[in-house]
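Report on one structure; see the data block that follows.
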Amino acid sequence: MKALVASAQWAPRKDYPLTDKEIKAKRANCGSQVWRSPVFEIKDIAAPDVGVDEVLIRVKRSGICGSDTHLYETDEEGYIIFSGPVKLPCIIGHEYSGIVEKTGRSVYNFNIGDKVAAESILWCGVCTTCRSGAVNQCERVELAGITSHGAFAEYIVAKERHCWNINDFTDIYSDENDLFDAGALIEPAGCAYNGIFISGGGFNPGAVVTVFGAGPIGLAAVGLARTAGASLIIAFDLIEQRLDIAKKMGADLAFNLSRSDFSAGEEILGLTKGRGADLQVEAAGDARSTIPEMEKSLAPNGKIVYLGRAATSSKMHLNPLVSGANKLIGSRGHSGYGIYHNIIKLISSGRLDLGQIITSHFSFDDLQEGLKKSSDRSDGKIMIDIS
């Protein structure tokens with residue numbers, strides 16, 4: 001089968017404290033501190049076979065995530081940008097949908113021909129954290145397309161427990177291409193859902209919601225906030241094309257942060273008559289710039305949900321957290337808590353249209369052109385048509 005394989009040099013920075021576990025597994029806890037000079041090649045490799053509890057999926061669609069872009073991009077010293085765990089070489093890509101081609105002998109929820117989407121948080125299910133319900137924080141977690149082979153390939157093997165049936169999408173999508181596009185978008189939408197409703201505890205209908213960063217996760221957050229009954233949704237980004245998509249997804253207002261004289265926090269306070277926003281979503285991964293604006297424009301009992309990943313820090317005044325009984329909440333992943341199940345129901349009902357996020361399609365053969373284009377950050381979602 002054809003697959004896009006990423007490889008790089010193992011070259012830990014001098015000041016990075018490698019652990020024995022990282023050295024033994026050649027798996028960096030912070031990829032941007034270890035992996036240098038990445039190379040991407042489409043290769044012909046053997047198709048995987050299934051284990052007893054696995055399914056073989058013929059991949060139809062696979063989206064380019066910001067994480068993929070950060071594996072592709074490098075800093076001035078040649079190190080990848082992605083700051084999460086990374087093990088290379090690896091078939092990248094982790095937002096995908098496809099068709100079941102083969103099932104292991106213990107699989108009972110799926111049949112050959114089923115249309116499926118799959119989680120990329122590969123939780124083990126047996127560690128204490130998983131068994132306590134926090135599967136996104138699995139102690140032995142692997143990440144599809146980052147530490148374990150992913151879906152920029154003609155086929156991928158996935159555990160049954162990580163897969164979800166999307167056959168019901170045929171009720172709303174007459175075009176199978178649209179169906180698989182929607183299936184591949186469940187993963188990034190799931191990250192937004194998890195942050196807002198699970199980690200963040202949700203919000204009351206009528207709340208004011210702001211979203212900083214109108215990439216795919218931020219755009220999904222806008223759509224989910226609209227579906228859940230926010231009275232005012234304000235989106236912020238640096239790129240006009242993404243702000244236009246945010247409006248299509250349900251943002252009432254969208255502002256460009258590139259103006260030197262513009263303060264998002266002051267704009268929020270002005271629009272809310274000084275009260276501030278009830279829920280603020282950081283999906284930009286630029287805490288140094290966004291957090292100061294968010295903290296000064298939080299309503300009493302307001303929440304900041306931090307979804308962006310970046311190896312950075314930000315100053316924050318803590319006294320307002322005490323006075324306002326406010327919260328800063330980190331969130332990772334999209335697994336567990338009925339997240340995939342509920343997003344599938346929202347899409348199947350027509351209440352959540354994620355297709356508007358997609359702005360470009362590339363063929364599998366032109367995948368590297370898609371990765372290159374993702375670096376300009378003008379797209380909502382770039383989708384790769386695998387087969």
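The values are calculated or read from the model by the stated rules, or taken from the named source; none is laboratory data. Note that the structure is predicted; figures quoted are calculated from it, not measured. With ideal geometry, Cβ positions are generated from the backbone for all residues, glycine too; neighbour counts draw on all protein chains shown.
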Exercise. Which of the residues belonging to the range 298-348 are without any contact (Cβ under 8 Å) to a residue 12 or more places away in the chain and small (Gly, Ala, Ser)?
Worked result: SER323, GLY338
For this session: Scan the range 110-151 for residues that are touching a residue at least 60 places away in the same chain (Cβ under 8 Å), β-branched (Val, Ile, Thr) and under 17 Å from GLY98 (Cα atoms) and report the count.
Result: 1
Exercise. Just one of LEU179, LEU219 is touching a residue at least 60 places away in the same chain (Cβ under 8 Å) and under 15 Å from the mean Cα position of the chain (by Cα); which is it?
Worked result: LEU219
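Restricting attention to the range 240-277, report how many residues are in a loop (DSSP other than H, G, I, E, B) and not β-branched (Val, Ile, Thr). Spell out how you get there, then give the answer.
Step one: filter the range 240-277 for residues in a loop (DSSP other than H, G, I, E, B), giving 250-252, 257-263, 272-276.
Checking which are not β-branched (Val, Ile, Thr) leaves us with 250-252, 257-263, 273-276.
Number satisfying all stated conditions: 14.
To keep it simple, each residue is scored yes or no on (1) of a type in the set (D, E, K, R); (2) under 17 Å from GLY218 (Cα atoms).
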position	(1), (2)
SER263	no, no
ILE268	no, no
THR290	no, yes
GLU295	yes, no
LEU298	no, no
ALA310	no, yes
ASN326	no, no
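Do you know which of the residues in the range 44-76 that are in a loop (DSSP other than H, G, I, E, B) and in contact with a Lys or Arg (Cβ under 7 Å, 6 or more places away or on another chain) is farthest from GLY125 (Cα to Cα)? Break it down stepwise before answering.
Applying the first criterion (in a loop (DSSP other than H, G, I, E, B)) to the range 44-76 yields 45-53, 65, 73, 75-76.
From what's left, in contact with a Lys or Arg (Cβ under 7 Å, 6 or more places away or on another chain): 50, 52-53.
Numbers: VAL50: 19, VAL52: 16, ASP53: 13 Å.
Ranking the candidates gives VAL50 first.
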Exercise. Scanning for something more than 20 Å from the chain's Cα centre (by Cα) and buried (at least 18 other Cβ atoms within 10 Å of the Cβ), does the range 325-338 turn up at least one residue?
Worked result: yes
Exercise. Which of (1) within 30 Å of ASP261 (Cβ to Cβ); (2) surrounded by fewer than 20 Cβ atoms within 10 Å (Cβ to Cβ) is the odd one out, the single condition VAL305 does not satisfy?
Worked result: (2)
For this session: Give me the pairs, please: first residue somewhere in the range 278-292 and in the same structural domain as VAL211 (by TED's automatic domain parsing) and farther than 19 Å from CYS191 by Cα, second residue anywhere and among the aliphatic types (A, V, I, L, M) and surrounded by fewer than 21 Cβ atoms within 10 Å (Cβ to Cβ), beta-carbon distance under 7 Å, and either six or more positions apart or on two chains.
Result: ASP278/ALA207; ASP278/ALA299; ILE291/MET316
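At pLDDT below 95, surrounded by fewer than 24 Cβ atoms within 10 Å (Cβ to Cβ) and either among the β-branched types (Val, Ile, Thr) or in the same structural domain as TYR16 (by TED's automatic domain parsing) (or both): which single residue out of SER106, SER132, SER83 fits that description? Break it down into steps so the answer makes sense when it comes.
Details: SER106 fails: at pLDDT below 95; SER132 fails: at pLDDT below 95.
Answer to the selection: SER83.
Given the structure, is PRO300 in contact with a Lys or Arg (Cβ under 9 Å, 6 or more places away or on another chain), modelled with pLDDT of 95 or more, assigned by TED's automatic domain parsing to the domain that holds GLY218 and not β-branched (Val, Ile, Thr)? Write out each step before concluding.
Working: in contact with a Lys or Arg (Cβ under 9 Å, 6 or more places away or on another chain): yes; modelled with pLDDT of 95 or more: yes; assigned by TED's automatic domain parsing to the domain that holds GLY218: yes; not β-branched (Val, Ile, Thr): yes.
So PRO300 fits the description; yes.
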Exercise. Restricted to the range 28-57, and to residues that are crowded, with 17+ Cβ neighbours inside 10 Å and among the charged types (D, E, K, R), which residue is farthest from ALA283 (Cα to Cα)?
Worked result: GLU54
Exercise. So GLU95 fits all but one of (1) over 19 Å from GLU154 (Cβ atoms); (2) touching an Asp or Glu at 6+ places or on another chain (Cβ under 6 Å); what number is the exception?
Worked result: (1)
